[in-house]
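**Student:** This is the structure I have questions about; it appears just below.
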Amino acid sequence: MSEQTANHPLYYEMANKFPDAIILEVRSGFFGAVVKSQSLLDVAKTLRDAYSFDYLSAVTGVDDFPEDRMEVIYHFFKSIGGPQFELKVFTTRNEPTVPSLTGLYPGAELQEREIWDLFGIKFTNHPDLRRILMWDDFEGHPLRKDWKEPFYEEDVKPFKNRWPEGKARHSENTNPFQDNVQYPREFNPANWTGEADHLMYKSLIMSGEQSSNIIKTDQLVVNLGPQHPSTHGVFRMVVVLEGETIVNLRPVVGYMHRNHEKIGERNTFLQNMPYTDRLDYLSSMSNNFGYSITIEKMLGITPPERAEYIRVMMAELTRIASHVMSIGFLMNDLGAYFTPALYALEERELILDIFEAVAGSRMMCNYFRFGGVVRDVPEDVMKKVKHLVENRLPRKIDELDRYLTKNEIVRTRCEGVGVITSDEAIAFSATGPILRATGVPYDIRRADPYSIYESLDFDVCIRNHGDVYDRYLLRMDEIRQSLRILRQVLNRIPKGPVISGKPQYLAKVPAGESYGRVEGPRGELGFYIVSDGKPNPKRYHVRAPSFINLTGLAQMCKGAKVADAVTILGSVDIVLGEVDR
Amino acid sequence: MTVNGINIPNASIPPDLQHQVAVTTLDKIYNWSRSNSLWPMMFGLACCAIEMICTAASRYDLSRFGMEVMRPSPRQADVMIVSGTVTKKMIPQIVRLYNQMAEPKYVIAMGACASGGGPFKEGYNVVPGVDKFIPVDVYIAGCPPTPQSLLHGLITLQKKIEKEHIPTTRWYKKEDVVEIPIPVLGPDLFDPRKSELISLETHKPILVEEPVTESGDAA
């Protein structure tokens, strides 16, 4: 817990500065500051301006049912690195209102909308407080503890026997509609006149932005998605066009909202591990990594050395697989239909072979456990990795580089497109390649080291222009750095056990809370877990990098042509499983 | 492709002509040609879509079966591969896409989620299986199914197509094919076909000993 105590003097300093507003809360497993909601803005402003906590990483809510209390939790970081500063705001369950931080930290915008959607906490002065993951007319706020889904069985898993008296019991048969639905009393579908999306179109018209063109044209609203070949899944962009120029853009998400967090709070701690695979399904090993280090922080265990090396090896292989795919599909978006993607997928397949050999599944690895990994890497797989890292991948990456980087079309389509400055990127809480391509050397592997990254020799790559081309180049650089890490890992990996202690099915996680984060291929992947000592988490929140990177999408796209929006989205590299969770 | 596959059994063709002439039935040639040029819709929902891309890529190579022409437009597609979790927010669009596809059309439910909700079945925004709304021809198990099992699913679909019989096909019938009504996003997703049932259930008097079925906590 050393890294969590590192900021303690600052907490006392802040508490002295705002004696009326901040109450320090110290109990086992938690150390933080509780702010009165009316002075939240002042405290946040001081934190940002006087203490340079300029980067609001995660905002989330917690429902303290049956107590009449809801919490909003803010995780602040410095963009130059270092441990977190955590603030909490309490509000009541009946009329929860908290001032919005979007004025100070624009990166809170989508996250606050998510809290409104799932918890029903109102954020005053939020510019666009609408539901985000569910649709506008949806009834209820699902993450409240007393809200029950239509297929509700019991509060927590493992459920009692699902086969009473040897007969299968299907959720459909317990529901009056034989489906996963429930309706309020007196609801009559025949009288329903609700109109989907009306609030969104209203908010787009309300914002009323005009381009500075001399020739005035009528504004046109165009929907890209949710079924569109270039949106990388079921993502939707609502674009306001003037001619071909984008005046305004709203990302619409939630088409793949699979209720990860609600299910996660019913699951036991270990049951969540395979679910994390399905968050960012292109980099399941990274997700496992983030989740296991968060729980290990609470359990107070560290994996044996061999396990740490295996973990880093898998995480870096994942990064390579994810980045080559991202590069391949960026080219797809540029119009080089499928050929570069084929080259990229070929390398990815070879990495997936390794995953399949160690974990049994190509994509959904479910390979990590609390305190290690589930099984050792066999010697012949190690040889395969060695061959891949030392011979094949460097050659193939150079090949991709040679084919693509100086290509005339790639350069004209990418250079100077989708620019975001470093200040904007930090303000929008962007992470990963988006942030580093603007010249901010913020990589959690260095800024807040975890696992064995401190002992490994690698550079944090940066590029300085913050455009699509730089994001592409940065991913190329990062693949090379990952290969560098992998070479060291392969040389140094020790023999020994791969899990500390006996593998446990039921992790006994003590009461407390923990925010763990890793540098995934798309940026900061954070897990915020609150445990009350029971076998299930009380709150399970994922700070998804793709989701929060989308906050800056409108900024990147404004003024660009509509064809560029596709390229910009490709360079942001979202994975919908993680955006919508 | 040899012509032997489409010959009717025991067709007596002189040996010299066996590679030039085929004796077949209309059904057979019609189905043979259709089943070998299935155009899937380029339509990915979730994790399974990535495996679908891998299937189309060089290692597994969907084009060996004449299916490499992925069409982003439903109007040009024959097979809809529902690749991933179907959510309530997405199902109106999926049904609309299905309605827009021209006959003959087929649906493959790829993976556990599309077949029956999978690991996310209990979720409040998840449709437990796409077959609640659109008819499915082939179900593929797995989470996600490997490219091999997707190929197996597609070959199964080919076999199904080869058994079809022109006079009984849906799209040559005199009566119009009825479109599937598009589900509506109300306070919860509702299927217009079930309107009466829903209205009946929500207007039932509450029995005291039964737990209340309405959502507990409104905004």
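**Student:** When the residues of region A:463-479 are filtered to those that are assigned to a loop (DSSP other than H, G, I, E, B) and more than 21 Å from the chain's Cα centre (by Cα), which remaining residue is surrounded by the most Cβ atoms within 10 Å (Cβ to Cβ)?
**Tutor:** A:467
**Student:** Among the residues of region A:155-168, count how many are free of Cβ contacts under 8 Å to residues at least 24 places away in the same chain and either surrounded by 14 or more Cβ atoms within 10 Å (Cβ to Cβ) or within 30 Å of residue A:71 (Cα to Cα) (or both).
**Tutor:** So the answer is 1.
**Student:** Now for a different question. Contact list please: Cβ distance under 6 Å, first residue in region B:176-187 and part of a strand (DSSP E or B), second residue crowded, with 16+ Cβ neighbours inside 10 Å, pairs at least six apart or on different chains.
**Tutor:** Note: pairs meeting the criteria are B:184/B:190; B:185/A:135.
**Student:** Is it the case that region B:70-78 has a residue that's more than 26 Å from residue A:350 (Cα to Cα), in contact (Cβ under 8 Å) with a residue 12 or more places away in the chain and within 7 Å of chain A (Cβ to nearest Cβ)?
**Tutor:** Yes - at least one qualifying residue is present in region B:70-78.
The rows are residues; the columns are (1) among the hydroxyl-bearing types (Ser, Thr, Tyr); (2) at pLDDT below 90; (3) more than 26 Å from the chain's Cα centre (by Cα); (4) within 22 Å of residue A:309 (Cβ to Cβ).
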{"residue": "A:496", "(1), (2), (3), (4)": "no, yes, yes, yes"}
{"residue": "A:500", "(1), (2), (3), (4)": "yes, yes, yes, yes"}
{"residue": "A:536", "(1), (2), (3), (4)": "no, yes, no, no"}
{"residue": "A:554", "(1), (2), (3), (4)": "no, yes, no, no"}
{"residue": "A:565", "(1), (2), (3), (4)": "no, yes, no, no"}
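**Student:** In region B:38-48, what residues are at the interface with another protein chain (Cβ under 7 Å from one of its Cβ atoms), within 19 Å of residue B:74 (Cα to Cα) and either charged (D, E, K, R) or buried (at least 24 other Cβ atoms within 10 Å of the Cβ) (or both)?
**Tutor:** The answer is B:43, B:44, B:45, B:46.
**Student:** Follow-up question, since we're still on this one. Filter region A:149-184 down to the residues that are touching a helix residue (DSSP H, G or I) at 6+ places or on another chain (Cβ under 6 Å), on the phi > 0 side of the Ramachandran plot and more than 10 Å from chain B (Cβ to nearest Cβ) and list them by number.
**Tutor:** Within region A:149-184, no residue meets the criteria.
**Student:** Could you check region A:437-449 and list, in sequence order, the residues that are in a helix (DSSP H, G or I) and either acidic (Asp, Glu) or touching a helix residue (DSSP H, G or I) at 6+ places or on another chain (Cβ under 6 Å) (or both)?
**Tutor:** A:445
**Student:** Which residue is surrounded by the most Cβ atoms within 10 Å (Cβ to Cβ), if the candidates are limited to region A:128-148 and must be in contact (Cβ under 8 Å) with a residue 24 or more places away in the chain and out of contact with any helix residue (DSSP H, G or I) (no Cβ under 7 Å at 6 or more places or on another chain)?
**Tutor:** Per the criteria, the residue is A:135.
**Student:** I need a count of the residues in region A:185-201 that are part of a helix (DSSP H, G or I) and either surrounded by 15 or more Cβ atoms within 10 Å (Cβ to Cβ) or more than 7 Å from every other protein chain (Cβ to nearest Cβ) (or both).
**Tutor:** 6
**Student:** Right, something else. Which one of A:433, A:394 is within 18 Å of the chain's Cα centre (by Cα) and in contact (Cβ under 8 Å) with a residue 40 or more places away in the chain?
**Tutor:** After ruling out the rest, the residue left standing is A:433.
**Student:** Within region A:409-430, take every residue that is in a loop (DSSP other than H, G, I, E, B) and over 16 Å from the mean Cα position of the chain (by Cα) and give me the one that is surrounded by the most Cβ atoms within 10 Å (Cβ to Cβ).
**Tutor:** A:418
**Student:** Still on this model: Can you tell me which of (1) modelled with pLDDT of 90 or more; (2) in contact with a helix residue (DSSP H, G or I) (Cβ under 7 Å, 6 or more places away or on another chain) is the one residue B:179 doesn't meet?
**Tutor:** Evaluating residue B:179 over (1) modelled with pLDDT of 90 or more; (2) in contact with a helix residue (DSSP H, G or I) (Cβ under 7 Å, 6 or more places away or on another chain) leaves (1) as the failure.
Every residue, every condition in (1) among the polar types (S, T, N, Q); (2) surrounded by fewer than 23 Cβ atoms within 10 Å (Cβ to Cβ); (3) assigned to a strand (DSSP E or B), yes or no:
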{"site": "A:481", "(1), (2), (3)": "yes, yes, no"}
{"site": "A:516", "(1), (2), (3)": "no, yes, yes"}
{"site": "A:535", "(1), (2), (3)": "no, yes, no"}
{"site": "A:538", "(1), (2), (3)": "no, yes, yes"}
{"site": "A:547", "(1), (2), (3)": "no, no, no"}
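**Student:** Then there's this: Does region B:160-175 hold any residues that are in contact (Cβ under 8 Å) with a residue 60 or more places away in the chain and either in a helix (DSSP H, G or I) or touching a Ser or Thr at 6+ places or on another chain (Cβ under 8 Å) (or both), and which are they?
**Tutor:** B:161, B:162, B:166, B:170, B:171
**Student:** Between B:58, B:63, B:35, which is more than 14 Å from every other protein chain (Cβ to nearest Cβ) and either in contact with a His (Cβ under 9 Å, 6 or more places away or on another chain) or polar (S, T, N, Q) (or both)?
**Tutor:** Unique residue meeting the criteria: B:35.
The values are calculated or read from the model by the stated rules, or taken from the named source; none is laboratory data. Note that this is a predicted model, so its numbers are computed, not measured. FYI the Cβ positions are ideal-geometry reconstructions off the backbone, even for glycines, and counts take in every protein chain you see.
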